Amino acid sequence: MSTGSGGGPGHAVVIGAGISGLLAARVLSDHFSQVTLIERDSMDSLRVWRSGVPQARHPHLLLARSQRIVEELFPGIWDDFEKLDVPVFDFGSRTRMLFPTGFSPSIDSGVLCRSVSRPRFEAALRRRVLALPPVTYQDGSQVVGLDLHGLTRSVAAVLVAGRGRGRTGEGVRRVAADVVVDASGRTSHLPHWLSASGLSRPRVSQVDPRLGYATRLYEIPDGVDLDWDVLVEFTRLPSASRGCVGLRIENDQVLFTLQGNGGDYPPGDEDGFVAFARSLRLPVTGMLARLRARSPIYCYRNTVNRWYAYHRVPRWPQNLIAVGDAHCVFNPIYGQGITVASQQALLLHRMLEQGGDAPVASTLRAYRARQARQLRWPWLLSTSVDRGWQEGPVSLRSRFMSGVADAWMCSIGGDPEMFSRFITVTHLLSGPGVLLAPLSLARIGRAYLRDRRASGAHREEAR
Ligand SMILES: Cc1cc2nc3c(=O)[nH]c(=O)nc-3n(C[C@H](O)[C@H](O)[C@H](O)COP(=O)(O)OP(=O)(O)OC[C@H]3O[C@@H](n4cnc5c(N)ncnc54)[C@H](O)[C@@H]3O)c2cc1C
């Protein structure tokens, strides 16, 4: 893969310099002579936590698939983290996961992972992207709308104002563009911009597990040894709504998150945090007491799965695409966001490369259709169980989906083969075929029957 040499003429504008925006800019820098990244947050705020990405305080597991794609787009990037003492580990042997029916066995999975905090990861991408000759960066600048060229059905320019300005139209400037990528994340205003330009709003699919996070950063003191790099307690429908995630990150630190589904949100105060942690099956309070708290407790609740069907919008502007969370956002507990953003960047790269001299508009049209197909599997993975945690009556289809997902989770505890398959599926290294293989189906079916018998026996005892 070439490295940002600016392949052809034209100006690509990327809205938002989060992970998706940086990945998109990297790819576009091979194909356009000018790539402008427009970011709402100011450069000064980028060294530390910044308000544009409040999720950055929470653990960001980088799935193996994303790590491989990022290495392909930025060869040698993982060397940038060497000095930071970033954990590098086999996911099968350094992960301790409590499934409904028991712990994950320790296996040599061959799935290598690195664990780094979101701000450090983003900073490494940003450093490399900003060094690419075609890329320029406008920070402290907020896109407030699109200027649509009606006749050609394309975006002529994006409308930009200083952060927090532009509502009244004052101080708004036009940035002309040949291609526009919306990478402005889960707060994207694209549906509104489309309707303001006289186009239809997209159909939206939404599954809300009513999940809350409460996260704290800890330091691992000298002499304290953790026997994991990733620690997880899974929740289970209908009543085990509480779980947790621990992630070792750079510089001997741990991000520890309490998780509550179905509106059972973990609290952000000290006593509430400890009481919630004590209610888990994993004995985490003793472990937390041995660590040194390094931050307040941060809560996050905007965890809905939401997919805008942009590929179905009639009269769609032909030079516009949306990527990452701006297009489809997932419940973060499955850790898919960055991987899906990486897959979209790689797909865009391949299609622009294969498109050769074809008009970019036709490549982007084909891209939108492929992008939608690519999203189907991660969407299914993310929403199957979550449907059961939604508010109100649950449809028969949703109950079936969450029942199958539950039986799958029950088949994993203590089973090395099923755990190995779980890893390849959840790291998006394989598709659904692995779960439809006879061995998987037999073990999932057996787990389902075992569970039915166990709950039958429970009901008998309770009478
Ligand atoms: C609590 C939580 C935990 C998560 N954990 C994981 C995980 O473990 N693994 C994983 O892979 N993913 C995780 N994610 C998802 C992950 O954060 C995103 O999927 C990923 O960062 C891609 O996001 P993005 O770049 O599309 O959007 P964002 O990261 O939200 O970036 C959007 C950018 O656009 C800017 N912006 C917004 N509006 C405008 C505008 N109008 N003009 C200019 N700039 C604008 C913002 O300031 C921001 O910089 C988690 C998410 C949450 C909420």
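Before moving on, here are some points about what is shown:
- Any hit, the range 253-264, residues being of a type in the set (V, I, T) and not in a strand (DSSP E or B): no
- Where helices (runs of 4 or more DSSP H) sit wholly within the range 369-463, those with at least 2 residues that are of a type in the set (K, R) and farther than 26 Å from R210 by Cβ occupy 438-462.
- Restricting the first member to the range 437-463 and to residues that are at pLDDT below 75, and the second to residues that are assigned to a helix (DSSP H, G or I), no beta-carbon pair is closer than 6 Å while six or more apart or on different chains.
- Tally, over the range 334-348, of residues that are more than 16 Å from R376 (Cβ to Cβ) and more than 8 Å from the ligand (Cβ to nearest atom): 4
- Whether a residue is outside any loop (DSSP other than H, G, I, E, B), closer than 20 Å to I321 by Cβ, of a type in the set (K, R) and touching a helix residue (DSSP H, G or I) at 6+ places or on another chain (Cβ under 6 Å) was assessed, and R186 passes this test.
- Residue selection: Q138 fails the criterion of being in contact (Cβ under 8 Å) with a residue 24 or more places away in the chain, in contact with a strand residue (DSSP E or B) (Cβ under 6 Å, 6 or more places away or on another chain) and away from the ligand (no atom under 15 Å from the Cβ).
- Failed item, numbered, when S395 is tested on (1) modelled with pLDDT of 95 or more; (2) surrounded by fewer than 22 Cβ atoms within 10 Å (Cβ to Cβ); (3) farther than 25 Å from V143 by Cβ: (1)
- Test for S42: is it closer than 27 Å to H189 by Cα and within 16 Å of the ligand (Cβ to nearest atom): yes
- Flag if A326 is crowded, with 23+ Cβ neighbours inside 10 Å and either among the basic types (K, R) or touching a residue at least 60 places away in the same chain (Cβ under 8 Å) (or both): yes
- Taking the numbered list (1) exposed (fewer than 13 other Cβ atoms within 10 Å of the Cβ); (2) under 30 Å from P267 (Cβ atoms); (3) within 16 Å of the ligand (Cβ to nearest atom) in turn, H192 passes all entries but (2).
- Qualifying residue in the range 305-323 (condition: touching a helix residue (DSSP H, G or I) at 6+ places or on another chain (Cβ under 8 Å), crowded, with 19+ Cβ neighbours inside 10 Å and closer than 20 Å to V230 by Cβ): no
- Residues within the range 63-85 that are more than 17 Å from R126 (Cα to Cα), part of a loop (DSSP other than H, G, I, E, B) and within 20 Å of the chain's Cα centre (by Cα), tallied: 1
- R201 within 12 Å of the ligand (Cβ to nearest atom), touching a helix residue (DSSP H, G or I) at 6+ places or on another chain (Cβ under 6 Å), outside any strand (DSSP E or B) and over 30 Å from G8 (Cα atoms): no
The values are calculated or read from the model by the stated rules, or taken from the named source; none is laboratory data. Just so we're clear, the structure is a prediction, and the values are computed from it rather than from any experiment. Reconstructed Cβ throughout: ideal geometry from the backbone, glycine too, with neighbour counts over all protein chains shown.
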